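The values are calculated or read from the model by the stated rules, or taken from the named source; none is laboratory data. Source: prediction; values computed, not measured. Because the Cβ atoms are built from the backbone with ideal geometry, glycine has one as well, and the counts that use them run over all protein chains shown. Quick note on the areas: whole protein, heavy atoms, side chains included, nothing else; ligands and nucleic acids left out. Shrake-Rupley method; radii C 1.70, N 1.55, O 1.52, S 1.80 Å.
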Amino acid sequence: MSSSPHSSPLLSLPGAVAAEPPDAGVAAHYGDLFREQRALSRGEGFVDLSHREVVTVTGEDRLAWLHLLLTQHVAELPPGHATEALILSPKGHIEHALYLVDDGTTTWAHTEPGSAESLLAYLESMKFFHRVEVADRTADFAVVLLPAGSIARVPAGTVVRETAEGRELFLPRGELVSFAEANGPAAGVLAAEALRVEHHRPRWGRETDHRTIPHEVGWLASAVHLNKGCYRGQETVARVHNLGKPPRRLVFLHLDGSEVTIPEHGDPVRLAADGPEGRQLGFVTTAARHHELGPIALALVKRNVPVDAPLLAGTTPAAQETIVEP
């Protein structure tokens with residue numbers, strides 16, 4: 001997954017510090033990570049997510065066609081209703097995560113930086129006789145997040161994807177600077193990531209690897225419809241749901257706050273009793289510094305790791321909370 005080529009003009013705002021991949025192109029923070037988190041928690045400010053990629057599907061068959069390809073039931077998706085969906089491999093591994101809304105004539109989706117090219121290639125290969133057109137609109141539209149409770153005014157005509165976490169705007173790129181001037185203060189992606197970890201929300205490419213199935217990271221609840229028709233990978237979803245157990249599970253970690261650094265994505269997770277040379281049982285997916293909880297993380301571990309066992313995330317002691325039941 002390559003990084004997005006789109007660099008935000010908001011990187012010129014005072015205090016902006018550029019984020020690292022996979023969030024290159026936008027600000028990690030604007031000088032005060034915890035202030036930015038607290039503002040978002042109060043429903044103030046916004047997050048520049050203009051590095052995320054935007055894909056649209058038009059044509060009268062769009063919803064019926066997407067319904068055949070996605071894990072979610074979208075055949076009768078009402079205009080303005082937000083949903084999320086996955087595209088799976090034939091073996092049921094997660095290949096893409098899409099965040100969708102339909103405006104009555106067009107289905108809009110945003111996805112991870114650098115993933116639109118492969119996503120569109122797959123969609124184009126599946127068009128066959130269906131009356132649909134797919135397009136990469138990343139050059140034209142920027143994703144902006146307004147937190148839950150925000151009273152910011154959305155420009156007329158903007159496509160909005162509204163969820164419990166807030167409103168995601170598909171904002172014309174040319175309006176990004178004027179929007180920021182009217183709706184600041186801006187918060188960086190590190191603040192948004194800390195709140196995402198707090199709420200146990202998985203992110204493709206962070207909480208997933210090449211063999212992750214939806215059950216492991218809790219996506220059955222929000223991105224998979226268990227009673228819809230066939231789609232690629234459905235056999236794995238149904239088999240594991242009905243007959244088996246996922247081989248791994250997502251956990252939430254409270255990290256030792258006395259450590260100066262926090263673990264990196266991919267750092268090994270081990271039983272604390274086994275020490276830093278013990279057998280690896282999983283890996284850290286996302287770690288963050290939270291304004292109230294302190295250092296926290298998500299990790300993907302083997303299903304049979306005891307739910308109450310103290311862990312090591314890299315070299316950092318960690319206590320776990322269950323997200324996906326073993």
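Observations on the model:
- Hydrodynamic analysis of the stretch 1-244 uses the Kirkwood radius over alpha carbon pairs. Inserted into Stokes-Einstein at 10 °C and 1.306 mPa s, it gives a translational diffusion coefficient of 86 µm²/s.
- Sorted largest first by accessible area at a 1.4 angstrom probe radius, with every protein chain in place, the residues T105, T236, T163 fall in the order T105, T163, T236.
- Within the chain, percent of DSSP bridges classed antiparallel, to nearest 5: 95 percent
- Residues K127, K91, sorted by accessible area with the largest first, give K91, K127 [1.4 Å probe; ligands and nucleic acids excluded].
- For the chain, a crude dipole built from +1 on the beta carbon of Lys and Arg and -1 on the beta carbon of Asp and Glu, taken about the Cα centre, is about 720 debye to the nearest 20.
- Working note: Debye formula, equal point scatterers on the alpha-carbon atoms of the stretch 247-325, no solvent; log10 I(q)/I(0) at q = 0.12, 0.25 Å⁻¹ is -0.26, -1.20.
- For K91, a cut-off of 15 angstrom between C-alpha atoms picks up these aspartates and glutamates, skipping any fewer than 8 places away in its own chain: D209, E216, E235.
- The stretch 1-244, relative contact order in percent, only Cα pairs under 8 angstrom and at least six apart counted: 27 percent
- Rounded to 0.05, the FRET efficiency of the V307 and A156 pair, given R0 = 51 Å and the Cβ-Cβ distance, is 0.55.
- As a length-normalised measure over Cα pairs under 8 Å and 6 or more apart, the relative contact order of the stretch 187-300 settles at 32 percent.
- Nonpolar atom fraction for the chain, defined as the carbon and sulfur part of the 1.4 Å probe accessible area, stands at 53 percent.
- Per residue, the accessible area of the stretch 247-325 comes to 46 Å², computed with a 1.4 Å probe over protein heavy atoms only.
- For H93, the solvent-accessible surface computed with a 1.4 Å probe is close to 50 Å², ligands and nucleic acids excluded.
- Placing unit charges on the Cβ atoms of the charged side chains and taking the dipole of the chain about its Cα centre, the candidate lying farthest along the positive direction among G205, A313, C230 is C230.
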